[in-house]
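Let me begin by presenting the structure, written as structure tokens, before commenting on it.
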Amino acid sequence: MAEYTIDVIESAPFGQLAYVIWSPERSDAVVIDPGFDSETILALLKEDKKSLAAILNTHGHVDHIAGNAALKKAYPDAPLIIGRHEEKLLTDPESNLSMPFGVAVTSPPPDRLVDDGDRLELAGFTFEVREIPGHSPGSVVYLCETFSPAFVFSGDVLFPGSVGRTDFPGGDHLTLMAGIFNKLLTLPDDTRIHPGHGGVTTIGAEKQSNAWIRDYRSRQKPADG
């Protein structure tokens, strides 16, 4: 039997990926970035007979927080956790980009704000928080090294062959790329990346084939001496 299971739920209209992660030895699960398809997430929890240990948001854009309210209603004791510099996006439809699409979406306020380097012990998993802004003001990724290979829920920071777009409010391409280099590409090559859109990739694959990473690397000045 697998040491853990990651269920993936893709939501229209943005192809956003939410994740439900659980261990067969535990009766609880963690949900990462519940999107518009909260009904499927809730059905999976019921089917797997899991309570909800926590809701983790990588950032506050609407496609990643749209299911927060439904999950909090079903599991009011489950803490909603997001990076400190993303708090405003949960309750501000302009900042979370829902208003520009014509539908004002808000989330319940967070139960806990996390900072770079924080560690979370949830449902048998240990997650390290790494803040990598640039796509949004304070995006975080959640690194789990409890198992081998390690894995990361990267939100909209790093995708297979691409990186997060930086033309939204609070975006900055150089900041994003520096964070990717300093806080993700330093991980072992077999580290698995579970992004907010697209399929699973690894750190090693992105080092070799990601054009954005190659371009950023080529622009860095060699060290003196």
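Numbers at a glance
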| quantity | calculated |
| --- | --- |
| Qualifying residue in the stretch 190-207 (condition: loosely packed, with under 14 Cβ neighbours inside 10 Å, out of contact with any Phe, Trp or Tyr (no Cβ under 6 Å at 6 or more places or on another chain) and either more than 30 Å from Glu3 (Cβ to Cβ) or of a type in the set (Asp, Glu) (or both)) | yes |
| Test: residue in the stretch 36-56 that is part of a loop (DSSP other than H, G, I, E, B), farther than 20 Å from Leu17 by Cβ and either at pLDDT below 95 or in contact with a helix residue (DSSP H, G or I) (Cβ under 8 Å, 6 or more places away or on another chain) (or both) | yes |
| Subset of the stretch 149-167 that is in contact (Cβ under 8 Å) with a residue 40 or more places away in the chain and over 14 Å from the mean Cα position of the chain (by Cα) - its residue that is surrounded by the fewest Cβ atoms within 10 Å (Cβ to Cβ) | Pro149 |
| Ser95 vs. criteria out of contact with any Leu (no Cβ under 6 Å at 6 or more places or on another chain) and in contact (Cβ under 8 Å) with a residue 12 or more places away in the chain | no |
| Filter result (touching a residue at least 60 places away in the same chain (Cβ under 8 Å) and either small (Gly, Ala, Ser) or farther than 22 Å from Tyr4 by Cα (or both)) within the stretch 106-139 | Ala123, Gly124, His135, Ser136, Gly138, Ser139 |
| Condition met for Thr186 (within 30 Å of Leu52 (Cβ to Cβ) and among the polar types (S, T, N, Q)) | no |
| Which numbered condition Asp111 fails, given (1) over 19 Å from Leu185 (Cα atoms); (2) surrounded by 17 or more Cβ atoms within 10 Å (Cβ to Cβ); (3) touching a Leu at 6+ places or on another chain (Cβ under 6 Å); (4) not aromatic (Phe, Trp, Tyr) | (2) |
| Exclusive hit being part of a loop (DSSP other than H, G, I, E, B), crowded, with 18+ Cβ neighbours inside 10 Å, over 13 Å from the mean Cα position of the chain (by Cα) and of a type outside the set (A, V, I, L, M, F, W, C), set Gly179, Gly170 | Gly170 |
| Residue check, Asn68 farther than 16 Å from Phe153 by Cβ, crowded, with 16+ Cβ neighbours inside 10 Å and in contact (Cβ under 8 Å) with a residue 12 or more places away in the chain | no |
| Qualifying residue in the stretch 20-27 (condition: β-branched (Val, Ile, Thr) and assigned to a strand (DSSP E or B)) | yes |
| Pairs with Cβ under 6 Å, 6+ apart, first in the stretch 204-216 and closer than 17 Å to Leu174 by Cα, second surrounded by 14 or more Cβ atoms within 10 Å (Cβ to Cβ) and aliphatic (A, V, I, L, M) | Trp212/Val163; Tyr216/Met177 |
| Tally, over the stretch 18-41, of residues that are within 13 Å of Ala123 (Cβ to Cβ) and buried (at least 18 other Cβ atoms within 10 Å of the Cβ) | 9 |
| Residue in the stretch 42-53 that is within 23 Å of Glu131 (Cβ to Cβ), touching a residue at least 40 places away in the same chain (Cβ under 8 Å) and buried (at least 24 other Cβ atoms within 10 Å of the Cβ) present | yes |
| Failed condition for Ile32, given (1) closer than 23 Å to Gly83 by Cβ; (2) over 16 Å from the mean Cα position of the chain (by Cα) | (2) |
| Which numbered condition Gly15 misses (of (1) touching a residue at least 40 places away in the same chain (Cβ under 8 Å); (2) surrounded by fewer than 23 Cβ atoms within 10 Å (Cβ to Cβ); (3) at negative phi) | (3) |
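The values are calculated or read from the model by the stated rules, or taken from the named source; none is laboratory data. This is a predicted model, so every value here is computed, not measured. Using ideal geometry, Cβ is built from the backbone for each residue, glycine included, and neighbour counts are taken over all protein chains shown.
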